[in-house]
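No value in this document is a laboratory result; all are computed from the given coordinates. Predicted model only: the values in this text are computed from it and were never measured. Every residue, glycine among them, receives a Cβ derived from its backbone with ideal geometry; neighbour counts consider all protein chains shown.
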Amino acid sequence: MRYRYVSILRGFLNVISSCSFSISLAPDKHNLSVSRLRKLNHWRSPNFHAFLPIASSIPALLGDMLAGAIAAPPVTWIANPAGTELEMSMMDWLAKMLQLPQEFLFSSGGKGGGCIQASADDAILVAILSARAKVIQLFKDMTKGQVLDKLIAYTSEEAHSSVEKAAQLALVQIRCLETDEKFALRGTTLAAAVREDRKQGLIPFFVCATVGTTSTCAIDNISELGLVCEAEDLWLHIDAVYAGTACICPEYRHWINGVEYSTTFSVNPHKWLHINPPCSAFWVKDRDLITEPLDVDAMYLRDRSTNGGVRMPEFRDIAMAKEFEALVLADPRFEIVGNVVSGLVCFRLKGDNALNKKLLAMIDKSRRICITPSISRGIFYLRFCISVCTTESRDVVFAWEVIRHEADVLLSS
Ligand code: PLP
């Protein structure tokens, strides 16, 4: 819901920016229309030269509106198959435009691919947490805590603050290394730091290089850093969030020469590619490196989506859940799992998990209603949630009829 309000606000701002008045950031030049916007930092003004760009465009707004209207988040394939596959294709298109190595593409048939993160901060955090998990499991004779104490990451003193923040969240040390006269991090500096730290008994594991630093748009020497990372077996993440998008142009592509050494790579289409925020593109050469350590394996995400409830709950939802609960309780073959306190009813056929899995498969196959399973204390059950504001009492009855019919078929077979 909040996301939709943000989209509307964004649309509003774009309408403003397309109006003919020009905006100066100096208060004395504000005309009447603008003065109402004094508290708004107007990023779309031709006079706005602060920070780094945040993109916006009419096609992106139309895309946002479409996404808002469909409102089907592609959190997993099952939650939004078309959205997930479109995201995969789009990530491959962008990777090809950037001439990323084949290993980063889904279409290579390997383990690589990309996905959209909300921000570059998220991409860096995902990278460092995954790198941490990868290295921890190498030290089988040490506890996790002992390894954590020794882990050390590297970046340049010019890197974005999110790199240090990610290290803090990952509970690892980080060294912000000196840059050369062009504010770029060089391979020799990294190699010396790694040597020194290994002597101290530390465990170097992660490097974040920047293509286009926030302060000066300096470009770290990726090829040099990549060679060091390869020799020292370090995870190289390339934060190319701003300048990286320019590498679509052949004349700038050399900025990311050496990207083949990186494990993960990110650019922000919302910075320089006319895509409204948030949109951070993040690629990895081996998806298992990310999915294995960070997979919490929630049943509802694995099999189905629970993301129907993006709107504010309404109390009638609870009344309808109670109505469904009464229908379940009236059938002695079924039982309720837990308490019905909201718009969610957890229920199952009395019997084993296999029986309930079969029932779910049959309900799925009927394609008349969509429900999600979960598992608690080893007990598999079905979840019936009032998710959509157009659901009415007759839909609850219809759902129960479908479930009861499939149960009849199953139990008589
Ligand atoms: N990295 C660099 C080099 C940046 O310039 C920025 C933001 O300007 C970020 C990371 C953070 O980007 P985001 O706002 O997508 O988290």
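Using a Gaussian network model of the chain with C-alpha springs under 10 Å, which one of CYS389, CYS346, CYS217 is most mobile by mean-square fluctuation? Maximum among the listed residues: CYS389.
Considering only beta bridges that DSSP places wholly inside the chain, some 55 percent are antiparallel. Note on the chain: Rg/Rh from C-alpha atoms, Kirkwood Rh, equals 1.05. Once C-alpha pairs closer than 8 Å and six or more residues apart are averaged by separation and normalised to the residue number of segment 81-295, the relative contact order reads 25 percent. Under 8 Å for C-alpha pairs, at least 6 residues apart: give me the relative contact order for the chain, rounded to a whole percent. Value for the chain: 14 percent. Close amide-amide hydrogen proximity is noted between TRP235 and PHE206, VAL207, each under 5 Å apart and 5 or more residues distant or on a separate chain (H modeled in the peptide plane; Pro and chain starts excluded). Relative to one another, the C-alpha centroids of segment 107-125 and segment 150-169 are positioned 19 Å apart. Using Cβ point charges alone (K and R +1, D and E -1), the dipole size of segment 301-412 about the Cα centre works out to roughly 340 debye. Helical runs (DSSP H, four residues minimum) scored at -39500 (n - 2.57) apiece and divided by the length of the chain put the mean residue ellipticity at 222 nm at -13000 deg cm²/dmol. For the chain, modelled as a GNM whose springs connect Cα atoms under 10 angstrom apart, the maximal fluctuation among VAL337, VAL172, VAL241 occurs at VAL337.
Which one of VAL402, VAL147, VAL341 has the biggest mean-square fluctuation once the chain is modelled by GNM with Cα springs under 10 Å? Taking springs between Cα atoms under 10 Å, the residue moving most is VAL341. When the C-alpha to C-alpha distance is required to be over 25 Å, the pairs from LYS165/LYS271; LYS182/LYS271; LYS111/LYS150; LYS199/LYS285; LYS111/LYS365 that qualify are LYS111/LYS150; LYS199/LYS285; LYS111/LYS365.
When only alpha carbons are used to place a centre, segment 193-239 and segment 51-98 end up 31 Å from one another.
I need the shape label for segment 81-295. Rule: rounded when a/c is under 1.5, else prolate if a/b > b/c, else oblate, with a, b, c from the alpha carbon gyration tensor. The shape class here is oblate. Computed from the C-beta positions of LYS365 and GLU181, the FRET efficiency with R₀ = 56 Å rounds to 0.25.
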